[in-house]
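I have placed the structure first, in the form of structure tokens, so that the comments after it can refer back to it.
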Amino acid sequence: QQKVQQSPESLIVPEGGMASLNCTSSDRNVDYFWWYRQHSGKSPKMLMSIFSNGEKEEGRFTVHLNKASLHTSLHIRDSQPSDSALYLCAASKPSGSWQLIFGSGTQLTVMP
Amino acid sequence: EAGVTQSPRYAVLQEGQAVSFWCDPISGHDTLYWYQQPRDQGPQLLVYFRDEAVIDNSQLPSDRFSAVRPKGTNSTLKIQSAKQGDTATYLCASSRDSQAPLFGEGTRLSVL
């Protein structure tokens, strides 16, 4: 059973629109969440991380975390075609090394 | 700063053949990870090292896969007798302290 579940599997939004991606961990031992973006044929690149309850904003990207439900969400406002990519959520336990457990990802397509 | 370097970029094998993947992490990064990413899925951790020591290899199919990092720098992942189900991209990542793992561009393996 996948320990990190992402939804939706795929998402299409118009250019300039808002994209909302969800992620939940079924492992109650995790404490940290990460969002990576992977363009086709490229390596995953870390977008944002969140460790505390609440919200974190960086430019057009906002991440929310609810530690009680182990749910995190990523919101992209003013989406651009260059945002089209596979968005991967990962969870890890508090430890000296980041042993990331990834979900299957959400494939985002931004239509011009 | 140079990124994580992997070679080869592509490999095509017949079932039963052996293959090795090589990874040069970012200088100073003590932790090195190997992930397997099947097509349209998220990366799955195979093994990770801190310096030359294996920290967790519980997800590494030990009958056919092996990984070493003898001097705590470069690492090699080997598949002894490849199967079609091994078709995937093999990603190496490295990190230090509390930084998020940084990924290389990966090796795309096709087993025919």
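The values are calculated or read from the model by the stated rules, or taken from the named source; none is laboratory data. Just so it is clear, the structure is predicted and the values come from calculations on it, not from any experiment. Cβ atoms come from the backbone with ideal geometry, glycine included; neighbour counts cover every protein chain shown.
Answer with yes or no whether B:LEU91 is of a type in the set (A, V, I, L, M) and exposed (fewer than 15 other Cβ atoms within 10 Å of the Cβ).
no
I'd like to verify a number: residues in the range A:6-39 that are in contact with a Lys or Arg (Cβ under 8 Å, 6 or more places away or on another chain) and of a type in the set (Val, Ile, Thr), how many?
Adding up the residues that qualify gives 1.
Inside the range A:75-101, can you point out the residues that are more than 11 Å from chain B (Cβ to nearest Cβ) and not in a strand (DSSP E or B)?
A:ARG77, A:ASP78, A:SER79, A:GLN80, A:PRO81, A:SER82, A:ASP83, A:SER84, A:LYS93
Which of the residues belonging to the range A:1-47 are hydrophobic (A, V, I, L, M, F, W, C) and either part of a strand (DSSP E or B) or within 13 Å of chain B (Cβ to nearest Cβ) (or both)?
Those that are hydrophobic (A, V, I, L, M, F, W, C) and either part of a strand (DSSP E or B) or within 13 Å of chain B (Cβ to nearest Cβ) (or both): A:VAL4, A:LEU11, A:ILE12, A:VAL13, A:ALA19, A:LEU21, A:CYS23, A:PHE33, A:TRP34, A:TRP35, A:MET46, A:LEU47.
Consider A:SER104 carefully, then state whether it is part of a loop (DSSP other than H, G, I, E, B), within 14 Å of another protein chain (Cβ to nearest Cβ), surrounded by 14 or more Cβ atoms within 10 Å (Cβ to Cβ) and on the phi < 0 side of the Ramachandran plot.
yes
Considering the range B:7-33 alone, what residues qualify as being more than 28 Å from A:SER10 (Cβ to Cβ) and part of a strand (DSSP E or B)?
Once the filter is applied, which keeps residues that are more than 28 Å from A:SER10 (Cβ to Cβ) and part of a strand (DSSP E or B), the range B:7-33 yields B:SER7, B:ALA11, B:VAL12, B:LEU13, B:VAL19, B:SER20, B:PHE21, B:TRP22, B:CYS23, B:ASP24, B:THR31, B:LEU32.
Looking at the range B:16-55, which of the residues that are over 13 Å from the mean Cα position of the chain (by Cα) and charged (D, E, K, R) is modelled with the lowest pLDDT?
Per the criteria, the residue is B:ASP40.
Listed residues B:LEU77, B:LEU60, B:LEU109; which is under 13 Å from the mean Cα position of the chain (by Cα), away from chain A (no Cβ under 11 Å) and not in a strand (DSSP E or B)?
B:LEU60
Among B:GLN14, B:GLN41, which is the only one that is of a type in the set (S, T, N, Q) and under 18 Å from A:ALA91 (Cα atoms)?
Selected residue: B:GLN41, the only one of B:GLN14, B:GLN41 that is of a type in the set (S, T, N, Q) and under 18 Å from A:ALA91 (Cα atoms).
With the checklist (1) surrounded by fewer than 22 Cβ atoms within 10 Å (Cβ to Cβ); (2) within 13 Å of chain A (Cβ to nearest Cβ); (3) outside any strand (DSSP E or B) in hand, flag the one item B:GLY42 doesn't pass.
With respect to (1) surrounded by fewer than 22 Cβ atoms within 10 Å (Cβ to Cβ); (2) within 13 Å of chain A (Cβ to nearest Cβ); (3) outside any strand (DSSP E or B), B:GLY42 is out only on (1).
Run A:ALA19 past the list (1) touching a helix residue (DSSP H, G or I) at 6+ places or on another chain (Cβ under 8 Å); (2) without any contact (Cβ under 8 Å) to a residue 24 or more places away in the chain and report the number of the one that doesn't hold.
(2)
Report, by residue number, each residue of the range A:60-74 that is crowded, with 18+ Cβ neighbours inside 10 Å, part of a strand (DSSP E or B) and of a type in the set (A, V, I, L, M, F, W, C).
If the condition is that a residue be crowded, with 18+ Cβ neighbours inside 10 Å, part of a strand (DSSP E or B) and of a type in the set (A, V, I, L, M, F, W, C), then A:VAL63, A:LEU65, A:LEU74 are the ones that fit.
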